[in-house]
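Read-outs: derived from the displayed coordinates by stated rules, not from any lab. Please read all numbers here as calculations on a predicted model, not as lab measurements. Positions of Cβ are generated from backbone atoms using ideal geometry, with glycine treated the same way; all protein chains shown enter the neighbour counts.
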Amino acid sequence: MSDTLVKICGLSSPETLLAAVSAGADMAGFVFFEKSPRHIDLETARTLGALGSGRIRKVALTVDATDDALQAVIDNLEPDLLQLHGRETPARVAAVKACFGLPVIKAIGVATAEDVAAAQSYEDVADILLFDAKPAPGAAVPGGAGVAFDWDLLRNISAANWMLSGGLDAENVREALRHTNAPAVDVSSGVERERGVKDAGKIAKFLLEVRVFDGLLR
Ligand SMILES: O=C(O)c1ccccc1N[C@@H]1O[C@H](COP(=O)(O)O)[C@@H](O)[C@H]1O
């Protein structure tokens, strides 16, 4: 079994991007959603994109973005993957893939078994399914809230490529991996010292816990 793939999401400074690289993260996520405390503008995207190139796989996270907005993000960040974290339909995911030629991670909000079952309609169009806690109705930001969901709901997922997210941190990630056997994890709030501010020490600790799990159980 190969090592758990780790994505650190919501990076917004050179220091914390390099902390993720040094800690051995596989993917770095950058948020393009103005209501998020982790939102970065296109100029910052260009700087961080250049810094991350060749060091880590870059993921551009957007929420129901238009083609024009996606193109601007791609031109500046030069991501390796797109993460669609809104209400994009399977048809929209397929259209984004066809238009931009990049692999797509589709976030699925989970609160019930029906939410997990509904994810099957994305299996043929998304490259990776990302299971996250379903945002509260009317939430201004549909993710990055540090909220976990019932991991038991993932018992029967059929997708081959998927990631677990939602409320993960260094304290619970080994338990989450034991419980779900997820091939990949994604974390944002759990490696922050305050909302929107990443912490290099917490990033390193998170990676250490995952690699201990890999060494013991994978
Ligand atoms: O991080 C954000 O601000 C964000 C904004 C809009 C959509 C998704 C966002 N983050 C993603 O949410 C999950 C869970 O994050 P957390 O660890 O529970 O804080 C993760 O996939 C982030 O990529």
Dividing the alpha-carbon radius of gyration of region 73-144 by 2.2 N^0.38 Å, where N counts its residues, gives 1.13
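Please work out the Kirkwood hydrodynamic radius for region 145-189, using every pair of different C-alpha atoms, and report it in angstroms with one decimal place. Can you show the working numbers first?
Details: mean 1/r = 0.0929 Å⁻¹.
Computed over region 145-189, the radius equals 10.8 Å.
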For the chain, whose charge dipole is built from +1 on Lys and Arg Cβ atoms and -1 on Asp and Glu Cβ atoms, the candidate among ALA113, ALA20, ALA160 with its Cα farthest towards the positive end is ALA20
For region 46-169 (alpha-carbon point model, no solvent) the Debye-based log₁₀ I(q)/I(0) at q = 0.11, 0.12 Å⁻¹ works out to -0.38, -0.45
For LYS97, the lysines lying under 19 Å Cα to Cα, once residues fewer than eight places off in the same chain are dropped, come out as LYS58, LYS106
Cβ-Cβ cut-off under 15 Å around SER22, Lys and Arg +1, Asp and Glu -1: the net charge is +2
What the Cα atoms of region 158-218 span along the principal axes, largest first and in whole Å, is 35, 24, 15
In nm, the gap between the two label points placed 7 Å beyond Cα toward Cβ at LEU208 and LYS35 is 3.7 nm
Taking a ≥ b ≥ c as the square roots of the Cα gyration tensor eigenvalues, with a/c under 1.5 meaning rounded and otherwise prolate when a/b beats b/c or oblate if not, region 24-94 comes out prolate
Placing each pseudo-label 7 Å from Cα in the direction of the beta carbon, LEU216 and ASP199 end up separated by a distance in nanometres of 2.2 nm
Rounded to whole angstroms and listed largest first, the alpha-carbon spread of region 5-217 along its three principal axes comes to 40, 39, 31
For LEU130, the residues 5 or more places away or on another chain with a placed amide H closer than 5 Å to its own amide H are LYS106, ALA107, ILE108, MET163
Distribution output for region 111-214: share of Cα-Cα pairs per 10 Å bin in percent, first bin at 0, values 14, 45, 33, 8
GluC sites (Glu not before Pro) in region 1-77 lying in a DSSP loop, each with at most 15 other Cβ atoms within 10 Å of its Cβ, come to GLU34
Residues of region 121-147 with backbone N under 18 Å of the label point set 7 Å from the Cα of ALA111 along Cα→Cβ are 131-147
In a Gaussian network model of the chain with springs linking alpha carbons closer than 10 Å, the residue among GLU171, GLU123, GLU192 that fluctuates most is GLU171
